[in-house]
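J.: My questions all concern the structure below.
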Amino acid sequence: MCFLTPGSVHDVNLLDQVVIEAKASYIVDRASLDFARLSRLHQDHGYFVTRAKRNFRYRYLDSQPVDRATGLYSDQVIRLYGFYSKQSYPERLRRIRYSDAEHRRWLVFLTNNGTLPALTIAQLYECRWQIEPLFK
């Protein structure tokens, strides 16, 4: 699915036009981090992977062991803490912290997919970067 819009249309608005396919994965840009829209995607039984913004607030609930040799640092189950975000997305999320050695940076992913391995979640988002040069 592809939407072509003028630069004045913010990416997050396009989530309203997407017909959600159950069990499909949607890789969402961090600029589109809107918990109400992600909640709709979750309620329609779709999966999402997005990057967390630095200032988002959450409560740690649980964690899974990770192999740090793969670049993974943590695989946690969290619940949003901020007043509005918690109202918009009351469900649990996974928070996966990953070290991107190639670009020397830490990445934090959020997903509602509790079944895929944490490294697969990180790799899914990495695949998204492969299309970025098309838009430059």
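The values are calculated or read from the model by the stated rules, or taken from the named source; none is laboratory data. Please read these numbers as outputs of a predicted model, since none were measured by experiment. With ideal geometry, Cβ positions are generated from the backbone for all residues, glycine too; neighbour counts draw on all protein chains shown.
J.: Given Arg51, Arg94, Arg128, which one is surrounded by 15 or more Cβ atoms within 10 Å (Cβ to Cβ), closer than 24 Å to Val19 by Cα, of a type in the set (D, E, K, R) and touching a residue at least 40 places away in the same chain (Cβ under 8 Å)?
T.: One residue alone meets the criteria, Arg51.
J.: Please verify whether Arg54 is under 20 Å from Ser85 (Cβ atoms) and either in a loop (DSSP other than H, G, I, E, B) or modelled with pLDDT of 95 or more (or both), treating the condition exactly as stated.
T.: yes
J.: Take Ser85 and decide whether it is surrounded by 14 or more Cβ atoms within 10 Å (Cβ to Cβ), more than 12 Å from the chain's Cα centre (by Cα) and of a type in the set (Ser, Thr, Tyr).
T.: Yes; evaluated as a whole, the condition is true for this residue.
J.: On the basis of being outside any strand (DSSP E or B) and in contact (Cβ under 8 Å) with a residue 40 or more places away in the chain, does Ala36 make the cut?
T.: So Ala36 fits the description; yes.
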